[in-house]
Amino acid sequence: MMQYKNVRTMQNYVISFQMARFCRVSKYTSQYLFGLVWIQLHIVIDCIYRNVINVLTHVIFDTERNQEIFTRERQLSNLIVTSLQPLSILKDTGFKAFLDNIKPNILPKETYFIRKELLRMYTVTMQKVKKVLALADDIVLTSELWDSRPEESYMTVTSHFIDQQWNLNSYVLETTKVLGGPEQKADMVKQLVRIANTWEIKRKIHTVVTNMDGVRMEISKNGWTHIPCLAHTLDVVFKDVLKNDSMLNEVLRKCQKLVRFFHIDTEAQKELKLAQNERSLPHLSLIQSVGDGWLSCFEMLKILGEQYKAINKVLSDRQDFALCLSPPDILKINNAVAALLLFKELTRKMSDIPNGQRYSLISTVIPLVTELRDKIETAQITNEVTKQLGKQIQQHFRYLKQRRRLILPTALDPRFKNIIMSDVGIARPFLKKLNEDLQVVGTPLKTSDLGQILHRYTKGGQIPERENPLEWWSRDGSVDFVDLTRVARRNLGVVSTAIPPKRAFQEAENMIHNRRICLEPENINMILFLNSNSPNI
């Protein structure tokens, strides 16, 4: 039997054979040429047919494999986004071994494929967010300034607005680097304007909430109102207390040094556990404060105040008397804990947010700070730290009820409206701000008509503090007070903090901060954007 080296040789032989047969039958040259063309065309069509069959077979039988690759990359991308992991984790030996143990060859050979999937997710999500923002009338921006590494600062910008169904929507827009030093404030505002223009929402923005001081004038140049983040202001208050109470400052530094000692010395940690057992104390690990933030200082001092006997026992046995907590130290620690406990109660209320919301409304600031000041006045009789706290609260929250940007949202919140509406002293600034906003939204009212509407609104009862004011406006307010609806949606969409309260006032913030500083600079914006927005889109 004749052997053919390749398909092409076989095809040539067939053509020659068919031509010979046709020549014997054919009598005319034209018939010969026609036969030759017909045979060649037949072979070409046959080849195309076979190629199509091969391709279809490949697709059909490899669908499961292709789907597996697609699912694998999607799942790994979701893992990176939800847990805020750097892409470099895909090259980590331990991580690769862990995944190979679960399912061999699950990891792609290059991180390029995962980044490509992340970029696809980012593009899709960004388009969805743009469509949602296009439907918004009034938008608030929050700007969180945070440090990744020494002299490397980032700013995360988030948009907030209340939609037609009276839901508070929050979407992260961008995380970008900002300059350090004296140029930081100007660069921060410059970046805010750039981001607003990129998302085509500059004219819709009316308020910006930041955790950075000294930017009010720069922000106001763009026609925006600046409101300082309440969580940041509480930190500033405590730092000013430390400046004015040298003894508290010294005790705080000593406590930080003490905690650092136990964190470094593993033998001291074992001895501390034994001392805790001897005194029937709970096995609590000592917490190091992060800078001079009031919350981390409170958590550190609270544990030291409970564990000082076991701590002093270990230090005394080691002859390290310099770090031992003296009776005056302990008294100062206890006073600081009692004072900061008032802050803790305030933040607990701020974190108790109605279902469906991540942020606390700006309308809660006046009632919460008023309650805090009342408690401080009662508690500061014997506590020197509380006295200093009260002075700084008074300094930072002066003329609280005269700030128009706080008065109007509070009055339009059916939980707290009587705080404003029953105070004759603030009637003028309230009415001025209300009329300004009615002009802005295009629904100006005559003085007599506005007076009648406000009279009916005031006579209506307040709703319980734990209820959602947005639900009340959706259900009752938008029906009974149609002329105030747009103004209410505009003002109740302002939030009180630059980040969600549950992050600002809980240990989860430390975890998020520790993770995001490990992200590659080129991926920070994309991963933080997806992490925040994917659950909401």
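For W199, enumerate residues with amide H under 5 Å from its amide H, sequence gap 5+ or separate chain, H modeled in the peptide plane.
Distant-sequence amide H within range of W199: zero hits.
Each residue of the range 114-131 in order: what ³J(HN,Hα) in whole Hz does its phi give by Karplus 6.51 cos²θ - 1.76 cosθ + 1.60, θ = phi - 60°, with x for Gly and Pro?
Values per residue, Gly and Pro as x: 5, 5, 4, 5, 4, 5, 5, 4, 5, 5, 5, 5, 4, 5, 5, 5, 4, 5 Hz.
Would you mind getting the accessible area per residue of the range 83-163, heavy atoms of the protein chains only, 1.4 Å probe, in Å²?
53
Given a 1.4 angstrom probe, what's the average accessible area per residue across the range 363-408, in square angstrom?
Using a 1.4 Å probe on heavy atoms only, each residue of the range 363-408 averages 50 Å².
Could you give me the ³J(HN,Hα) list for the range 423-438, computed from phi with Karplus coefficients 6.51, -1.76, 1.60 and θ = phi - 60°, whole Hz, x at Gly and Pro?
Computed from phi, the couplings for the range 423-438 are 9, 5, x, 10, 4, 5, x, 5, 5, 5, 5, 5, 5, 4, 5, 5 Hz.
How large is ³J(HN,Hα), in whole Hz, for each residue of the range 146-163 in order, when computed from phi with the Karplus curve 6.51 cos²θ - 1.76 cosθ + 1.60 and θ = phi - 60°, using x for Gly and Pro?
Those phi angles translate into 9, 9, 8, 9, x, 6, 9, 10, 10, 10, 9, 10, 10, 9, 9, 6, 9, 7 Hz.
Tell me the Kirkwood hydrodynamic radius of the range 397-537 in angstroms, computed as one over the mean inverse distance between distinct C-alpha pairs.
17.7
With the Cα gyration tensor of the range 78-228 in hand, convert its eigenvalues to equivalent ellipsoid semi-axes via √(5λ) and list them largest first in whole Å.
Semi-axes (√(5λ), whole Å): 35, 21, 12.
Compute the separation of the alpha-carbon centres of the range 474-490 and the range 264-320 and state it in Å as a whole number.
54
Under 5 Å between amide H atoms, partner at least 5 residues away or on a different chain: which partners does E520 have, H built in plane at 1.01 Å?
L87
Just to verify a number: what accessible area does Y122 come out at with the full protein assembly present, 1.4 Å probe, Å² rounded to tens?
Result for Y122: roughly 40 Å² accessible.
Using amide H atoms built in the peptide plane, which far-off residues or other-chain residues are under 5 Å from I139 H to H?
Those qualifying (amide H under 5 Å, at least 5 residues apart or on another chain) are I205, H206.
Under the rule a/c < 1.5 gives rounded, and otherwise a/b versus b/c splits prolate from oblate, where does the range 139-272 land using the Cα gyration tensor?
prolate
Using a 1.4 angstrom probe on the protein heavy atoms only, could you order R260, R373 from most to least accessible area?
Sorted descending by solvent-accessible area, the residues read R260, R373.
Restricting to Cα atoms and excluding each atom paired with itself, what does the Kirkwood estimate give for the range 315-432 in Å?
After inverting the pairwise mean of 1/r, the radius is 16.9 Å.
Tell me, what % of the accessible area of the range 372-439 is carbon and sulfur with a 1.4 angstrom probe?
The nonpolar share, carbon plus sulfur, comes to 46 percent.
The values are calculated or read from the model by the stated rules, or taken from the named source; none is laboratory data. Computed from a predicted model, the values in this text were never measured in an experiment. Ligands, DNA and RNA are stripped out before the accessible areas are found, and what is left, the full protein with its side chains, is counted by its heavy atoms. Shrake-Rupley method; radii C 1.70, N 1.55, O 1.52, S 1.80 Å.
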